[in-house]
Structures are given as C-alpha cells and as structure tokens.
1. I52's amide H: which non-local residues (gap 5+, or another chain) put their own amide H closer than 5 Å, with H modeled 1.01 Å from N in plane and none for Pro or chain starts?
2. Quick one: what are the phi-derived ³J(HN,Hα) couplings along the range 17-30, Karplus 6.51/-1.76/1.60 with θ = phi - 60°, whole Hz, x for glycine and proline?
3. Assign one of three labels to the range 7-69, namely rounded, prolate or oblate, based on the Cα gyration tensor with a ≥ b ≥ c the square roots of its eigenvalues; rounded applies when a/c is under 1.5, prolate when it is not and a/b is larger than b/c, and oblate otherwise.
4. Using θ = phi - 60° and the Karplus form 6.51 cos²θ - 1.76 cosθ + 1.60, what ³J(HN,Hα) does each residue of the range 44-52 get, whole Hz, x for Gly and Pro?
5. Which loop trypsin sites (Lys or Arg not before Pro) in the range 39-69, with loop taken from DSSP, have no more than 16 other Cβ atoms within 10 angstrom of their Cβ?
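Since every read-out is calculated from the coordinates, none of them should be taken as a lab result. Here the structure is a predicted model, which means the values were calculated and not measured. Virtual Cβ from ideal backbone geometry, glycine too; neighbours counted across all protein chains shown.
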Amino acid sequence: MNTENSIDDLAPLIRSEDAAKYLCISKSSLEKGRAAGNEGYPPFCQIGKSTIRYRRSDLLSWVETNLNN
C-alpha cells in the first residue's frame with residue numbers, strides 16, 4: 001500500500017483533512033491559521049457558511065513558496 005501523499009490523487013477542491021495530510025501538518029493547524037487571518041498558511045475557499053476547501057493549485061504554490069532550500 002502506497003502511503004505517500006500525492007497532490008495528483010486529490011480533487012481540484014480539497015477538504016481540510018486532505019490538505020493537512022498532504023502538507024504534513026495537523027488539521028487543527030490549518031484551522032488555527034484560518035482563525036488567525038491565514039497569515040503564513042495556504043489560501044482557502046469558503047463555500048457557504050461552514051464548508052472550507054483548498055485549491056490544489058494553491059497548495060502547490062504554497063509549498064513551492066515555503067520550501068527551505
């Protein structure tokens with residue numbers, strides 16, 4: 001069984017749980033980032049009152065921007 005996180009396996013709009021798994025951080029870290037104004041975290045989409053999704057392209061861009069070379 002392949003347990004590696006692959007962005008290609010994810011839909012264009014990604015649930016917080018899957019975004020956190022891909023980024024190797026906790027879902028609560030993403031939630032805290034959103035609550036704190038999203039400073040330093042990937043952008044998100046709010047659909048309706050309570051549905052949060054992340055765009056695959058935003059996650060890829062965020063990772064590239066935040067790589068420590």
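1. I47
2. Calculated HN-Hα couplings, in order: 4, 6, 4, 4, 4, 4, 7, 6, 10, 7, 4, 5, 5, 5 Hz.
3. oblate
4. Computed from phi, the couplings for the range 44-52 are 10, 10, 9, 10, x, 7, 9, 8, 10 Hz.
5. Values: sites: K49, R53, R55, R56; in loops: K49.
For trypsin sites (Lys or Arg not before Pro) across the range 39-69 that sit outside H, G, I, E and B with at most 16 neighbouring Cβ atoms in 10 Å, the list reads K49.
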